Every structure is written in structure tokens, then in C-alpha cells.
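Asker: To start, I am sharing the structure in question, which I have written as C-alpha cells.
Throughout, read-outs are computed from the coordinates displayed, never taken from laboratory work. Treat the numbers as computed from the prediction; the structure is a model and nothing was measured. Quick reminder, even Gly has a Cβ in these numbers, built from the backbone with ideal geometry, and neighbours come from all protein chains shown.
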Amino acid sequence: MRYVRLFGTQLRRSLALALQYRLDFVTSGLVSIVWSVISIVPLYVAFHGRPAVGGWSYESALVVFGWFTLLKGVLEGAVNPSLVQVVDHIRMGTLDFVLLKPADAQFLVSTARFEPWKIVDLGVAIAIFGYAFARLGHPPSAAAVALAFAMLCAAVAVLYSVWILVVAAAFWVVRVDNLVYLFDSVFDFARWPSSVFKGAFSILFTFVIPLALMTTFPAQALLGTLAPGTAIAAVVASLLAAIGARRVWLRALAHYTSASS
């Protein structure tokens, strides 16, 4: 409960800061909606009015894009803002102030800042889901929604774990800006169903950088086509990723040289 209260305090602080500039808050939300609409165009060109591509129709591919929009909102609204600051803290030695606080350092740096206007992406994702299932002619079942939520939790865990690994690299190499930009660029491939990639790219985006777990598996869960074994494997993989990221973070923290050293 103590950490729940801390999370609430961090979230309220970020919301208060965002609302100090209300016009910017609204403008950023509108820009996010416009970019989401523009981003659908390549998907429309590739899938609409054609036979299924890689086993995906236009409507089912829209569900993948909906999950991509939602996860991108999580990435840019809850993960990036906080963890990018860690790199500056490490470089300048100001991570000392975080370590001196009576709470877990990973929790504090992970919840230091949010971009509340990215909640707009959640609304856009829900609208995409609604449109896609209206075209499919049936809503998802309750069991499919429950499984999709479990896959969402697994996807967020993997997304966060990958970012922790990227940030942990800063304890050794200091400048990881290029890795940050690279990951953002690679994540854009998650808007496409994983089965459209062939050969080495299929292996890369399924096992090395698990983009399939982040968007394709939740989409299959919502569509009711995800195999139970795949769902179990995804949950186990997300737990292992979270444990591995935690161990790497603690090991990296042990190598930190504070400003007072």
C-alpha cells in the first residue's frame, strides 16, 4: 500500500505539471490523434481490398494496430519520460538524491514522470477496436477480453523490461541516446502483424526483440485465435524478462559511482 500511495503521488504531480499549460496539454492530445489517423494509411494500403496478407485481413490487422497505438501510449506516456531522465541522473551524479530516499530506486525512477495527455492514445485504441469489430460483425467474447488483458500485462512487462535493460547500459557507457532512438524506431514495426515478416526478420521480431508478444499476441487473444500454449509461453517469458531486468538493474546499480565518490 505504501508503494501504491507513492505511485498516486507521482501521478498527481505529473498531472498538476501538465495542467499548468492547458493549451499545450490539449494541443498535444490533438496531435496524437492526428498522427494515429495518419499512421493507419500504410496499413490501409497494404491490407484493404486485398486477400489476407500473412493470414491477416484488414479488419484483424486493425486490431494489431489498435494494440500498437495503446502500447505506444504506454511507452511515450509512462515509460520513456521517467527512464530517459535516469541517463542524465547517471551522467551528472544526481542519482544520489534518488538513492537516498527511503524507497526502492527502480520504482522511484520508473514513476518519476508521466505524460498524462497520452491517455488520448487509449481512447484512439478503443475506437480502433470498436471499428474493427464492427466491420468483423461480432464483438469479442468475455473470455477473449480477459485473455487479451493478460497479454496486455505481459506486453507492458516486456516493454518495460527492455527499457530497463537499455537504461542499465548507461551505468557502463553513459551515453545511450542512440539506443533509445533505435528502440523507438524498431518498435514502429510492431504496428504490423508478426506473420507478415519472413525469414530472419520473423525470428528477430519474435524471439530477439519480442514485438509479436507486444501487439500480435494480444490481437490474436482479442480475436479468439491465440493458442493456449502460446499464451502461457508469453506470460512465462514476460515474467522471466521482468526478473532478468531487475537483476541487471541491481547489478548495474552496484557499479554506480556517485557524485560524492
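Asker: Using Cα atoms only, what is the angle between the long axis of helix 2-19 and the major principal axis of the chain, expressed in degrees (0 to 90) to the nearest 10?
Answerer: Here the helix axis deviates by roughly 80 degrees.
Asker: Would you list, by chain and number, the lysines whose Cα falls below 30 Å from the Cα of LYS72, excluding same-chain residues fewer than 8 positions away?
Answerer: LYS118, LYS198
Asker: Relative contact order for the chain: what is it in percent, counting Cα pairs under 8 Å that are at least 6 residues apart?
Answerer: 27 percent
Asker: Pull out the extension gain between LEU239 and THR257, defined as 0.36 nm times the separation in residues minus the alpha carbon to alpha carbon distance; nm, one decimal.
Answerer: So the chain would gain 3.5 nm between LEU239 and THR257.
Asker: What are the ³J(HN,Hα) couplings of region 22-30, residue after residue, when phi is run through the Karplus curve with 6.51, -1.76, 1.60 and θ = phi - 60°? Round to Hz, x for glycine and proline.
Answerer: 5, 5, 5, 4, 5, 4, 4, x, 5
Asker: Please report the equivalent ellipsoid semi-axes of the chain, computed as sqrt(5 x eigenvalue) of the Cα gyration tensor, largest first, in whole Å. If you can, show how the numbers build up before the last one.
Answerer: Details: eigenvalues 225, 92, 59 Å².
So the three semi-axes of the chain are 34, 21, 17 Å.
Asker: Now, a different point. If the only charges are +1 at each Lys and Arg Cβ and -1 at each Asp and Glu Cβ, what is the size of the charge dipole of the chain around the Cα centre, to the nearest 20 debye?
Answerer: Magnitude of the dipole: close to 360 debye.
Asker: What is the extension gain from ALA227 to LEU100, computed as 0.36 nm multiplied by their sequence separation minus the C-alpha to C-alpha distance, in nm to one decimal? Let's see the in-between values first.
Answerer: On the way: separation 127, 0.36 × 127 = 45.72 nm, distance 4.65 nm.
Residue separation times 0.36 nm, minus the Cα-Cα distance, leaves 41.1 nm.
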